[in-house]
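Peer 1: Dumping the structure here so I can ask a few things about it.
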Amino acid sequence: MLFIFMCIVLFTSVIMLALYFFFFHNNFSDNDISWANFGSYFASITGLLAFTGVLYTAWQSDRKANKMELQVKTKDERDLFFKMLELYQKQINLVTSNPMASKETVSGNNAFKILIDEINSNIYIYAILEDITTNASETFNDDIEQDIYSKLKIKYKIVPPKDKATILKIEIEKKQNYSNFEIPIIDSSYKDLSNRIITKKIFSQNYAYIYKTMQYACDCVYKKYSFCLGQYFRSIYYLMEMIADSEESDTYFKIFRAQLSTRELCLLLYNAVSNQSSRKVVEYLVNHDIFNNIDSDEILIYKKMGNDVRVETFIKNILDEYLKEHKS
């Protein structure tokens, strides 16, 4: 803008000089008044040029100040980013979990494997419990299935609905009792029954059901390990929030994404659809392609879908279910 203004001023000055010599092109005058008039006229031109020089100097100074301010801001942002990244990395080592049927405590990256295993176990349980609450006919494939249903109904005092209108109004929506379920009881018979139930839902690509199943499974694990998972997930959220507001957000998101292990990505996906998540968290994860390198083998329900759906499509549909339920 200033360059254009300077060009206009210079052009105007040349025109003014050209006009003067065009109209007063006689020989040099011996009259001092003529020289005085020329001096006054020329002074207006030099004054205009001098004013332009002052503007240019001020612009240069302002430009240098803005550049220095941007450099300081960029340095401060970079320092803050790496401090928060370091804080997040420390939180990884503070995440702990207990392997099923063991008093041993596992921490760090190894803990994520245990947490994912517990989430997957909860998925098996949810499938059966949800089916109990909607199985009005109480028809069973075999004695083992009937025995499992009977034990769970007694444990949780579940009364199957008499009609479909009462579905989703029972304990499965509240989750208070289910979150105390003892994971070690998950044996092959439970898994076989759960697999049959899940397969029926997946066959029709019922993403609302898959979303609810993943949400329940993660909520139960979060409740058990909230003392460490709360800090871990909050450190990630505040880091992403800081990155989103920075001048170099794309670069910082790439650096952050490179730090995430495949197990962390899986746990982040489960947490993204849990009741501890938010629209902002999901938008950060989606807009910056955080799940780009996720290991689909860690996602139990997706594995059961076979090769019919790409993992990117699966994740998008699951997160869309969350966003539909949590409209702003």
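Peer 1: Which whole-number percent of Cα pairs in segment 266-307 have a distance greater than 14 Å?
Peer 2: 52
Peer 1: Over the residues of segment 210-276, compute the C-alpha Rg and express it relative to 2.2 N^0.38 Å.
Peer 2: 1.22
Peer 1: Find the Cα radius of gyration of segment 246-293, compare it with 2.2 N^0.38 Å by division, and give the number to two decimals.
Peer 2: Dividing the Cα radius of gyration by 2.2 N^0.38 Å gives 1.14.
Peer 1: I need the peptides 190-196, 224-230 ranked by packing, meaning the mean over residues of other C-beta atoms within 10 angstrom, with the highest value on top.
Peer 2: 190-196, 224-230
Peer 1: Right, another one. Give a residue-ordered list of calculated ³J(HN,Hα) values for segment 54-60 (Karplus: 6.51 cos²θ - 1.76 cosθ + 1.60, θ = phi - 60°; whole Hz; x for Gly, Pro).
Peer 2: 5, 4, 5, 4, 5, 5, 5
Peer 1: What ranking, highest mean first, results for peptides 121-132, 81-92 when packing means the other Cβ atoms within 10 Å averaged over each residue?
Peer 2: In descending order of packing, they fall as 121-132, 81-92.
Peer 1: Going by average Cβ density within 10 Å per residue, which order do the peptides 289-297, 268-276 take, highest to lowest?
Peer 2: Peptide ranking by packing, descending: 268-276, 289-297.
Read-outs throughout are calculated quantities, based only on the coordinates presented, and are distinct from any laboratory measurement. All values reported here derive from a predicted model rather than from experimental measurement. Ideal geometry is used to build each Cβ from the backbone, glycine not excepted, and the neighbour counts take in all protein chains shown.
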